[in-house]
Each structure stands twice: as structure tokens, then as C-alpha cells.
Amino acid sequence: MDWNDTPEQGAFRDEVRKFIQTQVPSRYRRPQADEDGDEGGGGQVATSAWQLDRKSEDPAIRQAARDWADALASKGWVAPNWPKEYGGAGLSPMEQFIYNMEMARAGVSGVGGSGVSRLGPTLIVHGTEEQRGEHLPKVLSGQIAWAQGYSEPSAGSDLAALTTRAMRDGDEYVVNGQKIWTSGAHVADWIFALVRTDPDAPKHRGISFLMIDMKTPGIAVRPLVNMAWERGFNEVFFEDARVPVENRVGEENRGWYVGMTLLDFERSNISGAVSARRNLDRLVRAAHGHEVATRRMDNPAVKLQVADRYIETEVMFNFSFRIISMQSRDQIPNHEASVSKVFSSEMDQRIANTGTKVFGLYSNFWDGAQAWTPVDAAVSHSYIGTVMRTIGQGTSEIQRNIIATRGLGLPRG
Ligand SMILES: Cc1cc2nc3c(=O)[nH]c(=O)nc-3n(C[C@H](O)[C@H](O)[C@H](O)COP(=O)(O)OP(=O)(O)OC[C@H]3O[C@@H](n4cnc5c(N)ncnc54)[C@H](O)[C@@H]3O)c2cc1C
């Protein structure tokens, strides 16, 4: 196995690095930050910095978001995974891998959110010419941000149990119901949602995929504040919200299949591997300059934990390489992506836990601005912040079910 770049891959890597050095507004360059972008796995994580900045009250921050979107657009790199004919970069799986690796190394988050990772690829496959012409350019220019309205209070892992109704009334659907955990709905312009259009049909049928303007009368967004006191996701209520039938993607009652389309080829989660290693390096660097942590690191049990975490980040790199090597051979990772997701999310939680062992009681401090708080409070924040990692984008239990049945061929329980 040769891990080195070919000359072409090396040239592309240099191009990405140069672009990052010269084009990224300093606000989006956070090599020290323990952050998690919305790209990579292409799914549900906390609202990205770019999404929030677009709606900031500070004009300088709004301008930074604009500049960043423009810089990426000028390179055609807003949507690295979309085909060129739709305005994407049309990068090969290996180029996407290199691109994401370099962005993650520099701690740079992307733009476009789920418009790039989910809605765009779905429209490319299932949308009409009019729908693509209307929505794709606005995603690529950073003009419109999308939220994903799938989960409901009684429909998460079992998504097909969703009950939000959309009843046909002439050329419109009348939508009533509730979505929950909707990341970024408070700063989104549009939402794509799965809704029930035939309540009498079997569970997976009778569902349609709608694109809904958030300004539609009858939509209310209520914040959900997580245990880190951050507002990343929301409840979204629909009360007689009228949506034009032309906003339906795909056939009526076939929305389940539309909604499951996931052409995000970048499933290697290389960003997860890179940022985990970065966080660990940062932790160890900070420990060396901290009196209590230095003493604790002399304890063999703590030392071994840190070593284990380093080994795990190396394992994670190899899971990512495995997936990218499959994609380069036109194979579609399935249970392999689940293995990577379970391992990466649980490793992040273990790294945070190890941080608390290294800094002891100092890891309880929450306010990074205080002189006695180690690593700008990254330990306490990631200990709390990584809890969600094993829930969003499919819980660990659901991933393990996939690994058991599709990977190991075990019978369904
Ligand atoms: C940070 C974050 C962001 C999110 N963003 C969005 C978003 O933007 N849009 C959106 O639509 N959703 C979003 N979600 C919701 C996410 O998709 C759901 O939380 C997830 O699918 C789990 O569903 P649930 O919360 O209803 O839990 P449930 O499905 O009720 O699960 C509860 C528990 O039961 C277990 N369980 C359930 N079924 C099984 C089974 N068959 N076998 C074994 N165990 C099982 C689960 O693993 C879990 O431990 C987000 C979630 C998080 C944490």
C-alpha cells in the first residue's frame, strides 16, 4: 500500500494549500479550534459558522461570510462533489479526499451547508430542470441556506413514522405538523422536508419531499438550547402552511426514495480523523505547560490513555483511507461508512474524556477567558459537545445494526 500522493495529487494538494493560505478570511481559519464543520459526512451536525455569519448583525461578519463564499465560488469549490455541468467542481473521490483533508488541517469550515451536501445532489438526481435552474445557483453563490426537516418528536431512527401532513388543495399542499432537532432552521432561508401525503398508505409509501420557503405564513421556529447552552437546532411548526405543488421533488408519495438519495461521495470522514488528531495534539501541548496536568501525565494510567487515543486517531485515518480506496474503485461504501461513523464519534468522546483525566478538576472550568481555564475550556466544551456525535446522522445503535446485518450478515433481531 502506497500512502504517498502521485505527482498529480501532490500538485492538487499544493493548489488547495495555496488557496487556503491566500484566500480564506482569517475568521474561517481556526487551526486551534475544536470545531466540526457541516461537510464531510454531509449530514446533521451543529450549524456551521458560515450559516450563522450570513445572518449576523455585524456587517463585517456578514461581509466575511460573503467573501468566503465568493472565494470558493471563484474556484468552483463550493460544491466539490457536484458534477461540473451543475456548477460543482466535479472532483474525483481522491481529489475530494485531498481537498477535505487540507481544509480540515487548516481548521477551515466550508460554505453551503446541507444545500451543498444534501439538497443539491438530490435535485441533480430527482429534480426538474426548472427546480435545478431555480435552486442550484443560489446554493452555489451562497445566497440561500437550507435546513433539513426530517426528524419529528416521534420519528427519528424510525423516520418513516413521520406524521407531518401535507394535504393537496388545488395547486398547493397545506402542511400541518412539527419537525424537531432542525439544525440551522433559525438562520435558514428554505427547508426541505419529508411530509405525509397519503396517511392510509403503508409507512414508507405516502411520503413526499417538499421544498418550503421559510417565509411562508404558518411556519414558526422555536429554539432548542443544548446542554452547552448553544442554539444550533430548533423545533419547526407548520400550521396551514401553503406550499406550491411545483415545490415537490419527485413523484407524490415516492418522497421516501427521494429523501434517501445521498450522493455525497465524500463519506470518508477524513475531516473527522484530521480534527481529532489536531485536538489531541493541542491537548498534549497544553498539558506540557500546565503544572497539574504535567504531574498527572506522569501517571502511567493517564499516559497510556493518551497513547491509546493517538493509536485510535491513526486507526481512524485508516478507516478513511479504506473508504476512499473503495470510492476510487467506484464501489459504494455501506457498512464501511457505518464503521467509520461509530468509531469516529465514539473516539471523539473518548478524547474528551481523556482530556478530563489529564487536567483533572481544571477540566470543569467552562469560561475560556479565565486565566486558570486550560486549553481555552476546550476540554469541558468538547466533553459536553461530543455527546451529540453518537446521535446525529444515525445513532451508534442504528449504525451497529447496519454493521451486524449488512456487514456481518447476522440475522435481524
Ligand atoms: C446535533 C444534532 C443535529 C441534528 N440535526 C438534524 C436536522 O438538521 N434535521 C433533522 O431532521 N434531524 C436532525 N437531528 C436528529 C437526528 O437525526 C435524530 O436525533 C436521530 O436520528 C435519532 O432520532 P431520535 O432523536 O428521535 O432518537 P430515537 O430514534 O427515539 O432513539 C432513541 C434511542 O433508541 C435507540 N434506538 C432506536 N431505534 C433502535 C433500533 N431499531 N435498534 C436499536 N436501538 C434503537 C437509539 O439508538 C437511541 O439510543 C439532529 C440530531 C442531533 C443530535
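Here are the numbers:
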read-out	value
Residue satisfying all of: in segment 357-413; near the ligand (Cβ under 10 Å from one of its atoms) and not in a helix (DSSP H, G or I); surrounded by the most Cβ atoms within 10 Å (Cβ to Cβ) among these	G394
Flag if D330 is acidic (D, E) and within 20 Å of the chain's Cα centre (by Cα)	no
Every residue from segment 208-233 that is over 17 Å from L52 (Cα atoms), within 13 Å of the ligand (Cβ to nearest atom) and in a strand (DSSP E or B)	F209
Breaking point among (1) surrounded by 15 or more Cβ atoms within 10 Å (Cβ to Cβ); (2) assigned to a helix (DSSP H, G or I), for E246	(1)
Some residue of segment 284-306 being over 23 Å from the mean Cα position of the chain (by Cα), assigned by TED's automatic domain parsing to the domain that holds L210 and of a type in the set (D, E)	no
Conditions (1) over 11 Å from V342 (Cβ atoms); (2) touching an Asp or Glu at 6+ places or on another chain (Cβ under 6 Å); number of the one not met by R389	(1)
Set S157, S117, S109, S151: member being within 16 Å of the ligand (Cβ to nearest atom), crowded, with 18+ Cβ neighbours inside 10 Å and at pLDDT 95 or above	S151
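To keep it simple, each residue is scored yes or no on (1) at pLDDT 95 or above; (2) over 17 Å from the mean Cα position of the chain (by Cα); (3) within 13 Å of the ligand (Cβ to nearest atom); (4) surrounded by 24 or more Cβ atoms within 10 Å (Cβ to Cβ).
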{"site": "P199", "(1), (2), (3), (4)": "yes, yes, no, no"}
{"site": "K203", "(1), (2), (3), (4)": "no, yes, no, no"}
{"site": "L262", "(1), (2), (3), (4)": "no, no, no, no"}
{"site": "R267", "(1), (2), (3), (4)": "no, no, no, yes"}
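The values are calculated or read from the model by the stated rules, or taken from the named source; none is laboratory data. Predicted, not measured: the structure shown is a model, and the values here were computed from it. Cβ coordinates were reconstructed from backbone atoms using ideal geometry, including for glycine residues, and neighbour counts include every protein chain displayed.
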